[in-house]
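The values are calculated or read from the model by the stated rules, or taken from the named source; none is laboratory data. Keep in mind that this is a model prediction, so the values were computed, not measured. Please note: Cβ atoms are built from the backbone with ideal geometry, for glycine as well, and neighbour counts cover all protein chains shown. Surface areas here come from the heavy atoms of the whole protein model, side chains and all, with no ligands, DNA or RNA. Shrake-Rupley method; radii C 1.70, N 1.55, O 1.52, S 1.80 Å.
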Amino acid sequence: MSQLTFDQFTKKIFIKAPKEKLYWCWGTSEGITSWFLSEAIYTNNGKPREANEKIQAGDEYSWRWHNWDGQETGKVLAANGTDFLEVTFTSSKVSVTLEDHDKAVLLILKQHEIPTDEENKLNIHHGCSNGWTFWLANLKAYLEHGILLNETEFDLRNIPLSGFEFVNM
């Protein structure tokens, strides 16, 4: 059995959707804003990519969420256009692998190289692990049932600890 550690975690989910659609949901700004972000800008050498253009290794990104005023910036480390991508993300790395399985695709998300000081154990390991659990369920609901579970109607930004207490933020 693999040992659980604070420097990484893995989340898996089967989603009944074509692998191409799943990759579009992760690998284009149009796709990733359809279920996850309020805004995603990818640039290659300072030039913005088109909304439906696939990201590529070396791209830089700027992401914004619903109900959070901050932004995350980072780099695309790998993007093969079909079943794998990896980005830097909040002092760590996130990879997404897509595997065909009979009637579904197994999506494997791994967040790794997480710093293991107490602040990052809470904010990245605990916070992101909980967050990805919700967001992967949201992606499944979106692709299989056409619904989004994340909160966009109510403004949660001024509620203390909203990012730790609301399950659909």
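Annotations
- Gyration tensor (alpha-carbon) shape descriptor, the chain, a/c threshold 1.5: rounded
- 24 Å Cα-Cα reach of LYS19 towards lysines, excluding residues that sit fewer than 8 places from it in its own chain: LYS11, LYS54, LYS75, LYS93, LYS103, LYS110, LYS140
- Per residue, the solvent-accessible area of the chain (1.4 Å probe, heavy atoms of protein chains only, all protein chains present) comes to 56 Å².
- Charged-residue dipole, Cβ positions (Lys, Arg, Asp, Glu), the range 81-157 about Cα centre, Debye nearest 20: 40
- Fraction of the pair-distance distribution of the range 71-156 above 22 Å, Cα-Cα pairs, percent: 38
- Ellipticity estimate at 222 nm from DSSP helix runs (n ≥ 4, -39,500 (n - 2.57)) divided over the chain, nearest 500: -6000 deg cm²/dmol
- Ranked by how many other beta carbons lie within 10 Å on average, peptides 55-68, 97-110 from highest: 55-68, 97-110
- Fraction of accessible area attributable to carbon and sulfur, the range 7-120 (%, probe 1.4 Å): 46
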